[in-house]
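Notes follow the structure.
Read-outs throughout are calculated quantities, based only on the coordinates presented, and are distinct from any laboratory measurement. All figures in this text were calculated on a predicted structure; none of them were measured in a lab. Positions of Cβ are generated from backbone atoms using ideal geometry, with glycine treated the same way; all protein chains shown enter the neighbour counts.
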Amino acid sequence: MITKYFKFQDCEIAYRDIGTGQAVVLLHGFGEDSHIFDLQIEFLKDHCRLIVPDLPGSGLSSVDVQLSSSIDLMADCIASLIHSLTDLPVILLGHSMGGYITLAFAEKYSNQLKAFGLLHSTAFADSEEKKTTRRKSIDFIREKGAFPFLQTAIPGLFAETYQKYFSDKINMLIESGKQFRKETLISYYEAMIARPDRTSILSESPLPVLFILGTEDKAAPMADVLSQVKLPN
């Protein structure tokens, strides 16, 4: 799968453009890159066109702390990438932080969407408790660095049973975290802390909305996400 590049402002955005048909854009989350979707790409590439970028500062995309410190600016970046590739409405699916970007995109660029989805993500703004936790993570990253933080944080993103039987896959994801600079992870956290509540996007959008959620998801608890599932028409 050939990696291509698109320039937005001063940032080089790496992306893969695979298959034909309905365009589906996959946005990864915090501490990941586009390879988190490799298994989904392998299946979906025969059914649709996949546009799968690395967000600014992740994977092969260049680092732009100003860009990665704003959910809205990252949504602008994805909108420019999509516009450069296709005039057709796309389906936009975002995992975790990618879901926050998806909601910002749906707020600003609904005419470019056929549908959108949140994969283990939420439209709620951070609670004060969540903001405090993120700020503690920022302090840890500043003191210890990006990779030591991801070593401690990534296993907690998985269910206990998965940790037990698929530790090799979790370790691979942790190893891929060596690419991250601490400035990038801090800017992502600042972007997530600053984002507004976007539940109104779910209730007001006429578009179909997909939710993927997990019974053991601690980052996007099932009860929180279930309360949002009833919002879209």
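Ranking Gly59, Gln163, Thr133 by how far each Cα lies toward the positive end of the dipole of the range 48-175 (charges on Cβ) leaves Gln163 at the top. From the alpha carbon centroid of the range 186-233 to that of the range 46-121 is 15 Å.
Of all beta bridges that DSSP places with both ends in the chain, some 35 percent have antiparallel geometry. Contact order, relative form, for the range 64-118: 39 percent (alpha carbon pairs under 8 Å, 6 or more residues apart, mean separation divided by residue count).
Taking R0 as 41 Å, what FRET efficiency do you get between Gln179 and Asn233 from their Cβ-Cβ distance, rounded to the nearest 0.05? Step by step, r from the Cβ atoms, then E = 0.50.
For the options Phe166, Phe180, Phe124, a Gaussian network treatment of the chain with springs between C-alpha atoms closer than 10 Å singles out Phe166 as fluctuating the most. Pairs over the 24 Å Cα-Cα cut-off, from the set Lys4/Lys130; Lys114/Lys218; Lys136/Lys164; Lys131/Lys218; Lys136/Lys182: Lys4/Lys130; Lys114/Lys218; Lys136/Lys164. Each Cα pair under 8 Å and six or more residues apart adds its separation to the average, and for the range 80-156 the resulting relative contact order is 26 percent. Each Lys and Arg Cβ is given +1 and each Asp and Glu Cβ -1; about its Cα centre, the range 1-70 then shows a dipole of about 220 debye. When only Cα pairs below 8 angstrom with a gap of at least 6 residues are kept, the range 1-156 shows a relative contact order of 20 percent.
Straight-line cross-link reach from Lys7 at under 20 Å between alpha-carbon atoms covers these aspartates and glutamates, not counting any fewer than eight positions away in the same chain: Asp17, Asp33, Asp54, Asp64, Asp72, Asp76, Asp87.
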